[in-house]
Amino acid sequence: MKNILLILITIAAFASCESVESSYNTFPEGEKDHTFSNYDMATTKHLDWNAEIDFDKQKIQGTAKWTFINNGTDELILDINKLEIQSVTVSGQEVKFEIKNKNSVEGDALIIPITENDSIATITYNTNGGVAMQWLNAEQTAGKKMPYLFTQCESIYARTLVPCQDAPANRITYNATVKVPQGMMAVMSAKNPQKKNAEGVYTFEMELPIPTYLIALAAGDIEYKAIDGRSGVYTEPSMLNKCAKELEDIPSMIAAAEKLGGPYPWGNYDVLVCPPSFPIGGMENPRLTFATPTIIAGDKSLVALIAHELAHSWSGNLVTNSNWNDLWLNEGFTSYFEKRIMEEITDKAYTEMLWEIAYQDLQADLKNFKGDKWDDTRLKVDLKNREPEDAFSAIPYDKGALFLRTLEEAVGRPVFDKWLTDYFAAHKFIPMNTGMAIKHMEENLDLKAAGIDLNEWIFQPGLPEKTAYKTSERFAKVDEGRKKFVEEGMNAEGLNARAWSTHEWLHFLRNLPKPLDLKLMKQLDMSYMLTGIGNSEIADEWYLLSIASKYEKAYPAMEKFLKSVGRKKFLEPLYKELVKTEEGKKLAKRILEEAAPNYHPLATKKMRTIVN
Ligand code: BES
Ligand code: ZN
C-alpha cells in the first residue's frame, strides 16, 4: 500500500513537472493577443509609406502600400485605430473593405478581400487623433519657431499611425516618403537625412525586418551633428552642441556593446533628443533612439539611458518578444545588457550603484502588487483581455535583469557571455518567446550545477530567496553621511556631497526619513541648491521629499518642473505624493489642468486617474 502511494506521488510529481515543461516548449505559443490581424495567414512583408504631415489639422494624410504573402486566405486583416480609411485597392483595383470591432482599446480590424494571386494592397487614409502622435505647437519647443511632431508606437499604437499587422511577431521592411512644411526636417527609424532640404520632402529606408512597434517618425526644427562616422545627434538647433557633447561617449558604448552582442547590425546609431513633452525616457527606435531631454544633465550622469536604448539594438530589435506577455525578454535582457555596457565605460563601483538603484525600484514596485495582482510579479505574465501597458513595471526590467545577473554569477561570466552572444545570434529576426529562451538556456548552460531554478524565476511571483543582489560600497559611504546628518547633528556641508554622482544623490534622498525636519531641508537646500536644480532625477526626488516634508519653498520650482517635463516616470510619483493631503490634492488638480497641454494624452489620462 505504502509503495503504491509512493509510486502515485512520484507520478503526480512527474506529471506536474511535465506541465511546466510543456508550457516552455510551445512555439509559436498560440498567443495572438492585442492584434486583430491575420499575419499568420496573409503576412505583410514590406511597407511603402507616403505621408504628408499637416500641422494645422494635426493630421497625417497617408498611403500605405503593403506587399504581403497570401498563405491561403481570402482576406488581409490589418489593425487600425483612429484612422479614417478613404479607399483600398488590391492589385491596383479598388475593393470594398470592412471595419469591425470598432472602439475597443485595441482599435479596429480593417478587412480587405484578397485572392490567391494578390500580393499588394494600398490603403489611402488619414490619421485622426491617435495616441502614437504627439503634436506640439511652436511654443512647446525650445526654439519656439516651428511646431513639432513625434511618435511613440510601442506597444500597440503603430496602428494609429499606419494600418498594419501590429503584432511584434510579424516583421516588415519599409520605405517612406514624408512631406513636411518648408524649413523642417523629418527623421524616422531608418536611414536618415543629415541636412534639411528646400522642398521638405524626405525619403527613408529600413532594409532589415522590424516589428511595427519600431516604426517611428519625428518632424520639426531638427538638425544633425555627427559624433563620429556612425553616430550623431538630432535635436533642435539651440540644443545641438550641448547634446552632442553630453552624448559623445556613444561610440565607446557601441564598442562595449559589440563585445557582448556581436557586431552592431543596423548601420548607423543616432539619438534624437526630443522636446521635454516626450512621455518616456527613451525609445529604442532602430538606428535612431528617441530620448527625453531630461537626460542632458551637463555632466553625462544620466547616459545609462542611452546604454539601455542602444542595448535594445540586440535585445528587442534583433531578438524581439513575440508577444507582450514576454516583455521581459526585451526589457529584462536590455536592463542587464545596459549595466554591462556601463561597467565597460565606467567601472564596477559605479555600475554597482546602478544595480542597487534598480533593486530599490524593484523592491518598491513589488509592494504595489497586492492580492490577486501578485501574479503579475512573474516574469512571464498573462495579459489576455488586458492592455499591454499592464505589464509595464519594474518586474520585467529589474527582476528580469537580476535573474540574468544571478545566472551570470552562477555559471561564471565567460560562460554566460558566450551563451548570451549565441542567444542573440540564434534568435535574430525570429519571434522570440519565453519557452524558446528557456530551451536555449537548458541546452547550453548547466543550470543544475549552477543551482538555478528557471521555473521559480520565470513562472513564480515575487523574488527567489537567493539572488545576485549586492550592496554598493559608494552607497555605504552615503549611508554613513546620512546617519551623521540626520541623527548626529552633522551640518549638511559635512556630507561633502558636491562630489556625488546623480546616483549617490538619489540614494541619499530616497532614504531620508519622511517627513524630514524642516531645519534639515533648509540646510540641504542652502548648501546644495536643490530647489530648481537642473538634474531632473535629483529634482524629482527632492520635490517628493519636499511635498512629504511640507517644504513649501520648493513648491514654485516643483510646479515649474511639473509643467515643463512630460516624462511619466517623473510625473507619476509627484502627483501621487501630492494627493496624499487635501491641500496637495487641490494643488495637483490645478497644476495638472495647466500642465496638460504639455503632456502626452496617455500621460494626462494617467495623471487624471491619480488626482481624481
Ligand atoms: N522600450 C522601452 C519603452 C517602452 C516600453 C514603451 C514598453 C512602451 C511600452 C524603453 O526601452 C525603456 O525602457 N525606456 C525607459 C528607460 C530605461 C533606461 C529604463 C524609460 O522610458 O524610462
Ligand atoms: Zn527598454
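Test of the criteria: in the stretch 150-205, which GluC sites (Glu not before Pro) are in a DSSP loop and have at most 10 other Cβ atoms within 10 angstrom of their Cβ?
GLU199
Which FRET efficiency, nearest 0.05, do GLU552 and SER104 yield, Cβ-Cβ r, R0 41 Å? Walk me through the intermediate numbers first.
Details: r = 45 Å, r/R0 = 1.10.
Here the calculated transfer efficiency is 0.35.
Quick query: amide H of ILE120 versus all other amide H atoms, modeled in the peptide plane; which residues come in under 5 Å with a sequence gap of 5 or more or a different chain?
The list, which skips near neighbours in sequence, is PHE68, SER91.
On the protein heavy atoms, probe 1.4 angstrom, tell me the percent of accessible surface of the stretch 473-611 carried by carbon and sulfur. If you can, show how the numbers build up before the last one.
Numbers: 3620 of 6710 Å².
On the stretch 473-611, the fraction of accessible area on carbon and sulfur atoms equals 54 percent.
Using a basic spin-label model with each label point 7 Å from the Cα along Cα→Cβ, how many nm lie between ASP361 and GLU480?
Label-label distance for ASP361 and GLU480, simple model: 2.9 nm.
Dipole of the chain (Lys/Arg Cβ +1, Asp/Glu Cβ -1, origin at the Cα centre): which of HIS427, ILE210, TRP328 lies farthest to the positive side?
Selected residue: TRP328.
In nm, give the distance between the simple-model label positions of GLU572 and LYS585, each being 7 Å from the Cα along the Cα-to-Cβ direction.
That separation, rounded to one decimal, is 2.2 nm.
If you count, for each residue, the other Cβ atoms within 10 Å and average over each peptide, how do 275-283, 86-94 line up from highest to lowest?
Numbers: 275-283: 22.3, 86-94: 13.8.
My ranking of the peptides, most packed first, is 275-283, 86-94.
If you take the charge dipole of the stretch 35-220 about its Cα centre, with +1 on Lys and Arg Cβ and -1 on Asp and Glu Cβ, which of GLY130, THR73, PHE150 is farthest toward its positive end?
Toward the positive end, the furthest listed residue is PHE150.
Using 0.36 nm times the number of residues separating GLN93 and LYS191, minus their current alpha carbon distance, what extension gain do you get? Please list the in-between numbers first.
Values: separation 98, 0.36 × 98 = 35.28 nm, distance 3.17 nm.
Here the answer is 32.1 nm.
Let me spell out the model: positive unit charges on the Cβ of Lys and Arg, negative unit charges on the Cβ of Asp and Glu, origin at the Cα centre of the stretch 222-313. What dipole size does that give, in debye rounded to 20? Please list the in-between numbers first.
On the way: 7 positive and 11 negative charges, 12 e Å.
Here the stretch 222-313 has a charge dipole of around 60 debye.
Whole-Hz ³J(HN,Hα) for each residue in the stretch 499-511, computed from phi via Karplus 6.51 cos²θ - 1.76 cosθ + 1.60 with θ = phi - 60°, x for glycine and proline: what do you get?
Each residue's phi maps through the Karplus curve to give 8, 5, 7, 3, 5, 5, 4, 4, 5, 4, 5, 4, 9 Hz.
Would you kindly state how much longer the chain becomes between GLU456 and SER527 on full extension, computed as 0.36 nm times their sequence separation minus their alpha carbon distance, in nm to one decimal? Walk me through the numbers on the way to the answer.
Working: separation 71, 0.36 × 71 = 25.56 nm, distance 4.74 nm.
Length difference between fully extended and current span is 20.8 nm.
I want to make sure I understand the PRE zone here: with the label point 7 angstrom from the Cα of ASN50 toward its beta carbon, which residues in the stretch 83-118 have backbone N atoms less than 19 Å away?
The answer is 84-95, whose backbone nitrogens lie closer than 19 Å to the label point.
For CYS164, what residues show an amide H to amide H distance below 5 Å, using hydrogens built from the backbone and excluding near sequence neighbours?
Those qualifying (amide H under 5 Å, at least 5 residues apart or on another chain) are ASP79.
How large is the charge dipole for the chain, taken about the Cα centre, if only the Cβ atoms of Lys, Arg (+1) and Asp, Glu (-1) carry charge, to the nearest 20 debye?
On the way: 70 positive and 86 negative charges, 307 e Å.
Using only the charged Cβ atoms, the result is roughly 1480 debye.
Give the long-range amide H neighbours of TYR174: residues separated by 5 or more places, or on another chain, with amide H under 5 Å away, using H modelled in the peptide plane at 1.01 Å from N.
LEU47, MET206
Let me know the volume per residue of the alpha-carbon convex hull for the stretch 25-126, in Å³. Display every interim value, and only then the final one.
Working: hull volume 12.2 nm³, N = 102.
In the stretch 25-126, the Cα hull volume divided by residue count equals 119 Å³.
Check the straight Cα-Cα distances from LYS522 and name the lysines below 23 Å, setting aside those fewer than 8 residues away within the same chain.
Output for LYS522: LYS477, LYS483, LYS484, LYS514, LYS550, LYS553, LYS560, LYS580.
In the chain, with Lys and Arg counted as +1 and Asp and Glu as -1 at Cβ, which of these residues, THR115, THR377, THR63, has the Cα nearest the positive end of the dipole, that is, farthest along it?
Checking the options against the dipole of the chain, the answer is THR377.
Expressed as a whole percent, how much of the Cα-Cα distance distribution for the stretch 222-313 exceeds 23 Å? Write out the running numbers ahead of the final one.
Details: 559 of 4186 pairs.
Of all Cα-Cα distances in the stretch 222-313, 13 percent exceed 23 Å.
With viscosity set to 1.567 mPa s and temperature to 4 °C, compute the Stokes-Einstein D of the chain, Rh being the Kirkwood radius across alpha carbon pairs; µm²/s, no decimals.
Working: Rh = 25.8 Å.
Answer from the Stokes-Einstein relation: 50 µm²/s.
Residues of the stretch 35-220: accessible area per residue at 1.4 Å, in Å²? Before the final figure, lay out the partial values.
Values: 7220 Å² over 186 residues.
I get 39 Å² per residue for this part.
Restricted to Cα positions, what overall size does the stretch 35-220 have along the principal axes? Three whole-Å values, descending.
Its Cα atoms span 52, 32, 29 Å along the three principal axes.
Given a Förster distance of 25 angstrom, what is the FRET efficiency for LEU518 paired with GLU488, based on the Cβ-Cβ distance and rounded to 0.05?
Values: r = 19 Å, r/R0 = 0.74.
Using R0 = 25 Å, I get an efficiency of 0.85.
Please give the contour-minus-distance gain from ARG608 to VAL201: 0.36 nm per residue of separation, less the Cα-Cα distance, rounded to one decimal in nm.
Values: separation 407, 0.36 × 407 = 146.52 nm, distance 3.86 nm.
That pair, ARG608 and VAL201, stretches by 142.7 nm at full extension.
Report in % the part of the accessible area of the stretch 81-122 that belongs to carbon and sulfur, leaving out ligands and nucleic acids; probe 1.4 Å. Spell out each step's value before the answer.
Working: 1110 of 2510 Å².
Exposed carbon and sulfur together represent 44 percent of the surface.
Filter the cross-link list LYS576/LYS605; LYS45/LYS65; LYS225/LYS259; LYS568/LYS589 down to pairs whose alpha-carbon distance in this structure exceeds 18 Å.
Working: LYS576/LYS605 14 Å; LYS45/LYS65 11 Å; LYS225/LYS259 26 Å; LYS568/LYS589 16 Å.
Listed pairs above 18 Å: LYS225/LYS259.
Would you calculate a helix-derived [θ] at 222 nm for the chain, using -39,500 (n - 2.57) for each DSSP H run of n ≥ 4 and dividing by the full residue count, to the nearest 500? Working shown, then result.
Values: 19 runs with 231 residues, N = 612.
So the helix-based figure for the chain works out to -12000 deg cm²/dmol.
Let me spell out the model: positive unit charges on the Cβ of Lys and Arg, negative unit charges on the Cβ of Asp and Glu, origin at the Cα centre of the stretch 35-220. What dipole size does that give, in debye rounded to 20? Walk me through the numbers before you get to the answer.
On the way: 16 positive and 21 negative charges, 150 e Å.
That gives a dipole near 720 debye.
The values are calculated or read from the model by the stated rules, or taken from the named source; none is laboratory data. Source: prediction; values computed, not measured. Using ideal geometry, Cβ is built from the backbone for each residue, glycine included, and neighbour counts are taken over all protein chains shown. Heads up: the accessible areas ignore ligands, DNA and RNA and are worked out on the full protein's heavy atoms, side chains in. Shrake-Rupley method; radii C 1.70, N 1.55, O 1.52, S 1.80 Å.
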